[in-house]
Amino acid sequence: MLNRIQLHWQILIALVLSVFFGVFFTDYVEYVSWMGTLFLRALSMLIVPLIFSSIVSGVTGLGSGKNLGRMTAKTIGYYLTTSLFAIVTGLLLVNLIRPGIGADVGLSNNVVDLAVSADTFGQTLLKIIPTNIIESMARADLPSIIFFAILFGFFTTRVSPEYSRPITDFFNAVFGVMMKITLFVIKFAPLGIFGIVSVVVAENSENLIGLASSMGIYMLTVVAALAIHGLFTLPMLMKTVGNANPLKHARNMSVPLLTAFSTSSSSATLPLTIQSVEFKSGVSNKTTSFVLPLGATINMDGTALYQCIAVLFIAQVYGVDLSILEQLIVMITALVASIGAAGIPMAGVVIMSIILSAVGLPLEGIGLILAVDRPLDMIRTSINVWSDSCGAVIIAKSEGEVTNV
Ligand code: ASP
């Protein structure tokens, strides 16, 4: 019976039930939390072998260095452009609505627990080159794994065919197997999501209702800006630049988008994103396997937009008027901070310390927005994943691929 209901409906039902369960059976969520833990562990288990095999297979599929260069330029170009669009949308809305003026933010969370001493941009760049790739894999350090996989894939095409062919075949096969395991894990998404969201709701429900009044305008500003970016800007880009059907693509992306929403992690969602973009929207393996892992690590439109609004909100609450030049600094540092943020829950808010210090705002400001971070994280993560997937379609179209959307 359950098999006949489409997976995205099963996930939606799980989401509704988990809200109900989290609110009315708060004391019992510990009995279902293991389902979420198992699901997240299974997704995490897939990430390293999937990313490595996916990139090697994608880069070897691209063939020459010229193709790789063109693909890299297009991917980075798309990611920077959409992140800038997102940032501008966030800045416009927060300046228009000014949610921090007169906000009653009596309650402020402690920021001591946060690793506020995030790396500087320079340090992050240096760390892209791993000193020990096995160690990077053990730590699931995605930027350095991606860097090594691109190098490995590229130089695989540079050795004689008797060596390159078995390597290419091997990684294509590993990628195929990883996708099969992903399909198997996806079947458990409704149960996993029920476990994850019940806990989140139980932990936040009481708090949220109280905070909704004082932080409501701030939350609405973030949600409205994310909605403009996700429902208008990105679909418009898909339609005009990619000549693709955004609605059809959105339908194909329902499972990864709902998973991103529930897990607040674009990295954990990556296996499902690759599966849907490739097998439902029909983008070739050589494009998805290059564009999507890169996107999950560096392209965070939702995060960049959120950080701009949050920083300006904090400035408004502290009564600091940021000049146009300072807002430009916020723009640039938000772009850098979103690139540096990992695809895990709360990464965006932790790394925001870079932006706050750049414009001289107190780091304690983060405490003002922590209490309402989780629901906003859920939405911005979905936008991060949505943007990656739109990028894959647009780039595939620009390469002359025939897709399903
Ligand atoms: N949770 C987000 C993601 O995984 C990052 C963030 O905290 O903004 O994409």
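What follows is calculated from the coordinates using simple rules that are stated; it is not laboratory data. Keep in mind the model is a prediction, meaning the values are calculated, not measured. Glycine also receives a Cβ, built like all others from the backbone with ideal geometry; neighbour counts cover every protein chain displayed.
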| message | From the alpha carbon gyration tensor of region 151-299, can you work out the equivalent ellipsoid semi-axes (sqrt of 5 times each eigenvalue) and give them in Å, largest to smallest? | response | 36, 20, 14
| field | Where only alpha carbons of region 256-405 are counted, the Rg and the Dmax (Å) | value | 16.8, 53
| With helices defined as uninterrupted DSSP H runs, which ones in the chain have an alpha carbon span along their own long axis of at least 30 Å and mean Kyte-Doolittle hydropathy of at least -0.5? | 33-62, 65-97, 161-186, 189-228, 373-398
| task | Please find the FRET efficiency linking Lys180 to Glu206, where r is the Cβ-Cβ separation and R0 is fixed at 51 Å, and quote it to the nearest 0.05. | result | 0.75
| task | Return the distance in nm (one decimal) between the two label points of a simple spin-label model at Thr81 and Ile329, each offset 7 Å from Cα along Cα→Cβ. | result | 3.0
| request: Which order do the peptides 382-389, 351-358, 10-17, 195-202 take when ranked by the mean count of other beta-carbon atoms within 10 Å per residue, highest first? | output: 382-389, 195-202, 351-358, 10-17
| Which whole-number percent is the relative contact order of the chain (Cα, under 8 Å, 6+ apart)? | 31
| message | My understanding is that a pair violates if its Cα-Cα distance is over 29 Å; which of Lys74/Lys280; Lys187/Lys286; Lys66/Lys397; Lys74/Lys248; Lys127/Lys280; Lys239/Lys286 do that in this structure? | response | Lys127/Lys280
| remark: One can check that the equivalent ellipsoid of region 239-282, built from the alpha-carbon gyration tensor with semi-axes equal to the square roots of five times its eigenvalues, has lengths in Å, largest first, of 20, 11, 9
| remark: Taking the reciprocal of mean 1/r across every pair of different Cα atoms in region 327-377, the Kirkwood radius in Å is 11.3
| said: If a paramagnetic tag sat 7 Å from the Cα of Ser44 along the Cα-Cβ line, which residues of region 126-145 would have the backbone N under 14 Å from that point? | reply: 138-142
| note | The FRET efficiency for Ala224 and Val23, from their Cβ-Cβ distance with R0 = 25 Å and rounded to 0.05, is 0.50
| Estimated [θ] at 222 nm from DSSP helical runs (n ≥ 4, -39500 (n - 2.57)) normalised by residues in the chain, nearest 500 | -24500 deg cm²/dmol
| note | So the pair-distance distribution of region 21-62, from every Cα-Cα distance in 10 Å bins, comes to percents of 24, 27, 21, 15, 11, 2
| note | Packing-ranked peptide list from 308-321, 154-167, 68-81, highest mean Cβ count within 10 angstrom first, is 308-321, 68-81, 154-167
| Rg over Rh [alpha-carbon atoms, Kirkwood Rh] for region 202-255 | 1.20
| Cα-based reach from Lys180 at 19 Å (exclusive), listing aspartates and glutamates while leaving out same-chain residues under 8 positions away | Asp169, Glu278
| said: Based only on other Cβ atoms within 10 Å, what is the fewest-to-most ordering of Leu325, Leu142? | reply: Leu325, Leu142
| request: Provide the convex hull volume over Cα atoms per residue for the chain, in Å³. | output: 141
